[in-house]
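Data first, discussion second: the structure below is written as structure tokens.
Please treat every number below as a calculation from the coordinates, not as lab data. It should be emphasised that the depicted structure is a prediction, and the values quoted were computed from it without experimental measurement. A quick note on method: Cβ atoms are made from the backbone with ideal geometry, for glycine too, and the neighbour counts reach across all protein chains shown.
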Amino acid sequence: MTDDAKQARPPRPVAVLKRGLLLFWAAWLGLVFLTNLLDGLKAAGVLPGGWSFASGNYAFVCQTTARYGTPAWLNAVLFAGVVCWEGLAAVLFALAGLRFRAGRLRHAAFIAGLSLWGAFVLADEVFVAYALEATHWRLFTAQLATLLAVELLPEDGQAGDDRGVGKA
């Protein structure tokens, strides 16, 4: 098959699935970023107190860290850091989905996402926020499962090896 014929053929369903998974994480993290950003702006007084499209996570962070008497400025810094981290992960997942063949972008997106959930799990332990920890573990596991699907599901119609695992 010529290079033109290879480029002209439609994407395989598995490739569409992989790209869709990456774009799903981009959209979801984008919404999380936006609602947390708006919540931070609401807490800072930039948006009115009645603003409803906000996560409520800033107050939750303050409540969770109160166990150790964490100062308000540190809560603001921690929250801003998380919001930036979520925004970075959303952008990386979007770029990875749009430029699917760029493996480094995919890896950077998963590093950003998985490290975010890992940091939350550690913070949950430090602040004894066990009710939240299960949610963060589920998000970590879901994103890890997505990484495995994106990297291991075969796209080219070739059968996998004798264990049923294909080449990415």
**OP:** In debye, nearest 20, what is the charge dipole magnitude of the chain about its Cα centre with +1 on Lys and Arg Cβ and -1 on Asp and Glu Cβ, if you could check?
**Re:** 340 debye
Original post:
Can you give me the relative contact order of the chain as a percent, contacts being Cα pairs under 8 Å and 6 or more apart?
Top reply: 22 percent
Original post:
How much space per residue, in cubic angstrom, does the convex hull of the C-alpha atoms of segment 42-91 take up?
Top reply: 89 Å³
Subject >> Angstrom value of the Kirkwood radius, inverse mean 1/r, which spans all Cα pairs in the chain >> reply: 18.0 Å
